[in-house]
Structures are given as C-alpha cells and as structure tokens.
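The values are calculated or read from the model by the stated rules, or taken from the named source; none is laboratory data. This one's a predicted model, so the numbers in the text were calculated from it and none came from an experiment. Every residue, glycine as well, gets a Cβ built from its backbone with ideal geometry; the counts of neighbours run over all protein chains shown. These area figures cover heavy atoms from the full protein model, side chains too; ligands, DNA and RNA do not enter into them. Shrake-Rupley method; radii C 1.70, N 1.55, O 1.52, S 1.80 Å.
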Amino acid sequence: RSFYKLENDKKVLLVVGGSLGARTLNNSLLESLELLKISNVEVIWQTGKYYYQSVLDKTKHMDLPNVHIHEFLSRMDLAYAIADLVISRAGAGTISELCLMGKATILVPSPNVAEDHQTKNAMALVNQKAAIMITDAESVSTLLPTALELIDETERLERLERNILKLAKPNAAADIANMVIELAHKK
C-alpha cells in the first residue's frame, strides 16, 4: 500500500489496460469520474502510454484523492497484492497472472484481436465462475457501476478468487518442457 501511496484501508480497484493502454477502459473510467469520486474505494488506474496525458488533462481540474493515475505500473506484483478487484483486458498472459494471483476480476475483452480470442479467453473463466465479463460495447455504461457493486460483495469476491485460483497452472513451463522431452523420447 505504501508503494502506491495508499494511506487508508479502503478496498482497492486495480484497472489495467496493458502497457499501451486500452481506450475503452480509460473511457469507461472517464465517464464515471463522479461515481469514482464519491465511492469508498481506492483506484489504481494504469492508463497506458498512449492515453496517459489525455487522461491527466481530462482529470486535472477534479479533486480525485482516491484515484491514482499511472502511465505504467512497474510493480504489478504489488498492485495485484493490494487489489481487491481487477478490471482488465483478457489477453492470455494477463489471465495467467490473474489465475496465479487468485484475483477477483472483471474482464473486458478487446474486440480488435485476431479471431476474437480475448472473448474466448474470458469465457473460459466465466464458464468456471472464475471471472465476470463485460463486453467492450457495454463497458462505458456498465463497467464502473458493476465493479463498485461487486467490490462491496465480500462473499462473491471470495468465490471468484477461489474459482480463478483453481485454474492456475504454476508449473506450466515445466509441464510443457516435460511433455516435449517425453515426445522426443518416443520418436
């Protein structure tokens, strides 16, 4: 908490759109600034390189002491550690991290990827009751209200955390290497 300058014990909402950012996630937060301002949560908002300055420009005249805006998060481990709820895109690497960390998550799959694979990634978790999915098109109107409602539902958060943790593959690299070695010996 001290690394991210959080000085109270409010719940933490972590919003990440990748190193370059995610326009939809940023627009969703920008449209809900008044809701964020009056919420009882701390928000760590990683805008991404492309959107950082425009987000700062749009928020500079607002008093948002509970909203911490970052271009990039160099210590994702610490951000994940303090997050009660994560909002993210649904790339495979991110999903792997969220599973390993056991984080309650709302996924907003990018519609601009090959074969809509992020929706498939998200649905793999949704079908196991391990995450919530909101479509990109619904995001601006429903993302923040959904997140702020969910973050106060402790039992539901804990259920999501238990279910996503069951999907973690902490030994994936070794498992793959062992399979390759096993296949090589069969030939």
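At full extension, residue 180 and residue 120 could sit 19.0 nm farther apart than now, given 0.36 nm per residue minus the alpha carbon distance. Given +1 at the Cβ of Lys and Arg, -1 at the Cβ of Asp and Glu and no other charges, the dipole of the chain around its Cα centre is 520 debye to the nearest 20. Per-atom-type breakdown for segment 113-187 gives carbon and sulfur 56% of the accessible area (1.4 Å probe, protein chains only).
Three principal axis extents of segment 10-97 based on alpha-carbon atoms, in descending order, are 36, 29, 20 Å.
Lysine pairs in segment 1-80 8 or more apart or on different chains: how many have alpha carbons under 19 angstrom apart?
8
Quick one: if the Förster radius is 25 Å, what FRET efficiency do residue 140 and residue 169 give, using the C-beta to C-beta distance and rounding to 0.05?
After rounding, the FRET efficiency stands at 0.15.
With all pairs of separate Cα atoms included, the chain yields a Kirkwood hydrodynamic radius of 17.2 Å.
DSSP loop (so not H, G, I, E, B), at most 14 other Cβ within 10 Å: list which chymotrypsin sites (Phe, Trp or Tyr not before Pro) in segment 1-54 pass both filters. Answer in residue order: 3.
What net charge is computed for the residues neighbouring residue 21, neighbours being all others with C-beta under 12 Å from the C-beta of residue 21, Lys and Arg scored +1, Asp and Glu -1? Overall, the nearby charge balance is +2.
3J(HN,Hα) along segment 37-46: 4, 8, 6, 9, 10, 9, 10, 9, 10, 9 Hz, from the Karplus curve 6.51 cos²θ - 1.76 cosθ + 1.60 with θ = phi - 60°, whole Hz, x for Gly and Pro.
A 1.4 Å probe run over the protein chains yields, for the chain, 55 Å² of accessible area per residue, whole-number rounding. Mind jotting down the distance between the C-alpha centroids of segment 109-187 and segment 1-50, whole Å? Each part reduced to its Cα centre gives a spacing of 20 Å. For the chain, the membrane-span-like helices by this rule, meaning whole DSSP H stretches whose C-alpha atoms cover at least 18 Å of axis and whose Kyte-Doolittle mean is -0.5 or above, are 136-150, 172-186; this says nothing about an actual membrane.
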